[in-house]
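S.K.: Before anything else, here's the structure in question.
What follows draws every value from the coordinates through simple rules; no lab data is involved. Every value quoted in this text rests on a predicted model; they were computed, and no experiment measured them. Cβ placement follows ideal geometry from the backbone for every residue including glycine, while neighbour counts extend to all protein chains displayed.
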Amino acid sequence: MCSIVGALVQRIDSHQKLAAVNALLEHIWQASHERGRDGRGFVINSSADSEPSAYRNVKRSHGRGTRAPALLGICRTAAVIGNLRAEPTTEFVREKRLSDQQPYSAGKWSIVHNGTIANDKALRTGTLPTSIDSAAIVEQLEGFAGTFSNFIDTVRDLKGSYAILATHEEHTDKLYVAANYRPIWYIETEFGLFFASSRDYLPQEYAPRMVNPYTACLFANGKLAVEESLFGNLPHGEQALVVCSGGLDSVVSATYAQRELGMDVHLIHFLYGSRAEGPEVKAIQAVAEFLGAELTLFNLPVYSKGDSPLLDPDSKVAGGEEGAEFAHEWVPARNLLLLSVATAFAEARGIDTIVLGNNLEEAGAYPDNEPEFIARFNDLLPFAVGDGKRMRVIMPVGNLMKHEIVALGNQIGAPMHLTWSCYRAGEVHCGTCGPCYMRRKAFEINNLPEVITYKDEQ
């Protein structure tokens with residue numbers, strides 16, 4: 001594997017700017033060296049030169065690598081792509097050849113690639129004297145004009161893993177970029193754009209951004225000009241896996257996914273030792289029957305009862321009171337655990353949408369209830385599932401307060417009468433714990449009669 005670097009600079013009209021650009025390139029180049037001991041190469045496509053210039057070195061480097069490329073004089077625009085190679089065991093040779101070192105050039109295109117092209121034998125034309133799979137990319141581009149459509153069509157034919165930077169001789173002001181689950185990071189500076197395989201290789205003061213996974217991009221005029229999904233317009237499937245506790249929030253979310261989004265819902269309930277597990281299971285079984293949905297009870301014997309008040313029937317739980325939105329019953333990394341298992345379960349069954357009952361009311365109660373947690377988990381998903389597979393987590397009630405969830409549930413006919421919200425086990429809700437208090441208030445705000453029974457009402 002390797003590390004790739006790149007730059008797209010403009011208006012380098014003074015030696016001061018030139019020095020600053022070279023300093024940035026040098027920083028990125030040397031930081032990337034840990035992933036490129038066996039070979040280094042770069043291509044510079046500059047408006048100041050009649051044709052691109054190239055450098056390649058296959059001498060193994062210990063410690064810091066050779067110096068970064070220097071832009072060849074003052075220029076209006078320039079595209080730089082580079083590769084630092086760590087030779088895979090399966091491709092190891094004692095006698096290194098310059099022809100094996102990226103960047104690869106064919107026709108007017110030059111590319112660098114990090115990853116593995118699985119269908120390279122089918123794509124190779126034999127233009128380049130190397131057996132390295134990456135050469136297939138530029139051989140496919142050879143003869144095509146430097147249009148974004150030609151680039152993305154070529155990328156869509158690739159199978160395997162890839163992060164690609166490409167430049168075309170006639171377009172020194174453009175850089176073509178594509179990535180599936182191989183990352184590419186970039187920064188925006190006053191001199192232009194700079195690219196690397198890891199955010200850690202870029203100066204952090206510029207706030208590195210990652211190219212969205214499974215996209216092809218055209219960078220021009222110092223910015224992202226075009227971004228196109230490599231999935232095309234493929235819609236998400238019609239099935240949803242609902243992580244369902246049996247409480248109000250998840251049941252309303254399941255009903256919404258089924259009746260408002262038109263999805264075929266599959267409920268999954270995790271048995272992780274909750275003190276209310278008995279009534280929760282009864283509730284979720286009744287909800288599944290009501291919705292006509294398949295139900296999976298998934299055993300997760302991870303916790304001991306002393307790990308949380310929600311797991312120990314002898315522990316006290318906080319009572320509900322006005323203004324007490326903050327909860328105290330933390331279960332270690334619960335949502336991360338449940339979502340990880342749900343992702344594996346969904347992928348194995350061809351389901352690409354996971355539904356949660358997370359909501360605005362309880363977002364501040366625990367860190368894993370925050371929308372930021374779900375957003376970051378969604379960002380993680382392209383790297384957690386198989387190549388070419390899409391997965392997402394949605395929260396139908398994510399922007400709603402508890403009383404708004406009750407209103408929505410009433411509107412769409414959710415089986416709220418079958419739900420279990422209480423932290424305690426029993427035949428009826430205790431009426432005093434935080435969730436019971438909040439539920440009571442939510443129905444009261446909506447002037448709706450409660451549809452379950454509380455202990456103090458018996």
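S.K.: For Val226, Val177, what's the fewest-to-most ordering of other Cβ within 10 Å of each Cβ? Walk me through the intermediate numbers first.
M.R.: Details: Val226 15, Val177 26.
Placing the least packed residue first, the sequence is Val226, Val177.
S.K.: What's the exposure ranking of Ser253, Ser53, Ser61, going from fewest to most Cβ atoms within 10 Å?
M.R.: Values: Ser253 30, Ser53 13, Ser61 16.
So the ranking, lowest neighbour count to highest, is Ser53, Ser61, Ser253.
S.K.: Across all directions of projection, what mean area in square nanometres is found for the Cα convex hull of the chain?
M.R.: Numbers: hull surface 103.8 nm².
Mean orientational projected area (the chain, Cα hull): 26.0 nm².
S.K.: Could you tally the net charge around Glu372, taking each other residue with its Cβ under 15 Å from the Cβ of Glu372, Lys/Arg +1 and Asp/Glu -1?
M.R.: Details: positive: Arg376; negative: Glu362, Asp368, Glu370, Asp379.
Result for the local shell: -3.
S.K.: Counting other Cβ atoms within 10 Å, keep those with at most 11, restrict to DSSP loop, and tell me which chymotrypsin sites (Phe, Trp or Tyr not before Pro) in the range 1-110 are left. All intermediate terms of the calculation are to be shown ahead of the outcome.
M.R.: Details: sites: Trp29, Phe42, Tyr55, Phe92, Tyr104, Trp109; in loops: Phe92.
Answer by residue number: Phe92.
S.K.: Which of Phe345, Met401, Met416 sits closest to the plus end of the dipole of the range 239-457, meaning its Cα is farthest towards the positive end, when Lys and Arg get +1 and Asp and Glu get -1 on the C-beta?
M.R.: Phe345
S.K.: If you take the charge dipole of the chain about its Cα centre, with +1 on Lys and Arg Cβ and -1 on Asp and Glu Cβ, which of His62, Ala179, Thr215 is farthest toward its positive end?
M.R.: After comparing all options, I get His62.
S.K.: Around Ala106, under 9 Å between beta carbons, what's the net of Lys plus Arg minus Asp minus Glu among the other residues?
M.R.: -1
S.K.: Can you tell me what share of the DSSP beta bridges in the range 239-457 is antiparallel? A percent to the nearest 5 is fine. Display every interim value, and only then the final one.
M.R.: On the way: 1 of 18 bridges.
Taking every DSSP beta bridge with both residues in the range 239-457, the antiparallel ones total about 5 percent.
S.K.: What lysines sit close enough to Lys223 to cross-link, taking a C-alpha to C-alpha distance under 17 Å and skipping anything fewer than 8 places away on the same chain?
M.R.: Once the sequence-local lysines are set aside, what remains near Lys223 is Lys174.
S.K.: For the chain, what is the calculated [θ] at 222 nm in deg cm²/dmol (nearest 500), taking -39500 (n - 2.57) for each run of four or more DSSP H residues and dividing by its residue count?
M.R.: Values: 10 runs with 112 residues, N = 458.
Taken over the chain, the calculation gives -7500 deg cm²/dmol.
S.K.: Rg(Cα) of the range 226-347 divided by 2.2 N^0.38 Å? Don't skip to the answer; put the middle values down first.
M.R.: Details: Rg = 17.2 Å, N = 122, 2.2 N^0.38 = 13.7 Å.
For the range 226-347, the normalised Cα radius of gyration is 1.26.
S.K.: If you place +1 on the Cβ of every Lys and Arg and -1 on the Cβ of every Asp and Glu, how big does the dipole about the Cα centre of the chain come out, in debye to the nearest 20?
M.R.: Working: 42 positive and 55 negative charges, 353 e Å.
Charge dipole, the chain, about its Cα centre: 1700 debye, nearest 20.
S.K.: Another question, then. Excluding Pro309 itself, what net charge comes from residues whose Cβ is under 15 Å from its Cβ, given Lys and Arg +1 and Asp and Glu -1?
M.R.: On the way: positive: Arg275, Lys305, Lys316, Arg334, Arg424; negative: Glu277, Asp307, Asp312, Asp314, Glu329.
Summing Lys/Arg as +1 and Asp/Glu as -1 gives 0.
S.K.: Is there a quick way to get the dipole size of the range 1-135? I mean about its Cα centre, with the Cβ of Lys and Arg at +1 and of Asp and Glu at -1; what is the value in debye to the nearest 20?
M.R.: Once rounded to the nearest 20, the dipole reads 200 debye.
S.K.: Once you keep just the Cα pairs under 8 angstrom separated by 6 or more residues, what percentage relative contact order results for the chain? Intermediate results must be reported in sequence, preceding the final value.
M.R.: On the way: 987 pairs, mean separation 55.9, N = 458.
So the answer I get is 12 percent.
S.K.: Given the convex hull of the Cα atoms of the range 239-457, what is a quarter of its surface area in nm²? Before the final figure, lay out each step's value.
M.R.: Values: hull surface 45.2 nm².
Projected area, direction-averaged: 11.3 nm².
S.K.: Cα centroid distance between the range 382-456 and the range 106-150, in Å?
M.R.: Measuring centre to centre over Cα atoms gives 54 Å.
S.K.: Could you give the radius of gyration (one decimal) and Dmax (whole number) of the Cα atoms in the range 93-182, in Å?
M.R.: That works out to 12.4, 40 Å for Rg and Dmax.
S.K.: Here's a follow-up. Using Cβ contacts closer than 10 Å as the measure, can you line up Leu84, Leu158, Leu418 from fewest to most? Write out the running numbers ahead of the final one.
M.R.: On the way: Leu84 29, Leu158 23, Leu418 20.
Arranged by neighbour count, lowest to highest, Leu84, Leu158, Leu418 become Leu418, Leu158, Leu84.
S.K.: Just name one of Ala425, Phe443, Leu241: the one whose Cα is farthest towards the positive end of the charge dipole of the chain (beta-carbon charges, Lys/Arg +1, Asp/Glu -1).
M.R.: Towards the positive end, the residue furthest out is Leu241.
S.K.: Name the shape class, rounded, prolate or oblate, that the alpha-carbon gyration tensor gives for the range 331-429, where a ≥ b ≥ c are the square roots of its eigenvalues, rounded holds for a/c under 1.5, and otherwise prolate holds if a/b is larger than b/c and oblate otherwise.
M.R.: Details: a/c = 1.79, a/b = 1.71, b/c = 1.05.
Prolate is the answer for the range 331-429, as a/c is 1.5 or above and a/b outweighs b/c.
S.K.: Mind scanning Lys389/Lys441; Lys305/Lys455; Lys282/Lys316 and naming the pairs with a C-alpha gap bigger than 31 Å? List each step's numbers first, then the result.
M.R.: Working: Lys389/Lys441 42 Å; Lys305/Lys455 25 Å; Lys282/Lys316 23 Å.
Flagged as over cut-off: Lys389/Lys441.
S.K.: Defining a contact as two alpha carbons under 8 Å apart and six or more residues distant in sequence, what relative contact order in percent does the range 2-229 show? Each step should come with its number before you reach the end.
M.R.: Working: 553 pairs, mean separation 51.4, N = 228.
Here the relative contact order equals 23 percent.
S.K.: Next question, about the same structure. Could you tell me the calculated FRET efficiency between Arg156 and Met210, based on Cβ-Cβ distance and R0 = 25 angstrom, to the nearest 0.05? Show your work: numbers first, answer last.
M.R.: Details: r = 21 Å, r/R0 = 0.83.
With a Förster radius of 25 Å, E is 0.75.
S.K.: Shape verdict for the range 2-229, please, from the Cα gyration tensor: rounded (a/c under 1.5), prolate (a/b greater than b/c) or oblate.
M.R.: Working: a/c = 1.41, a/b = 1.18, b/c = 1.19.
Rounded, because the longest to shortest axis ratio a/c is under 1.5.
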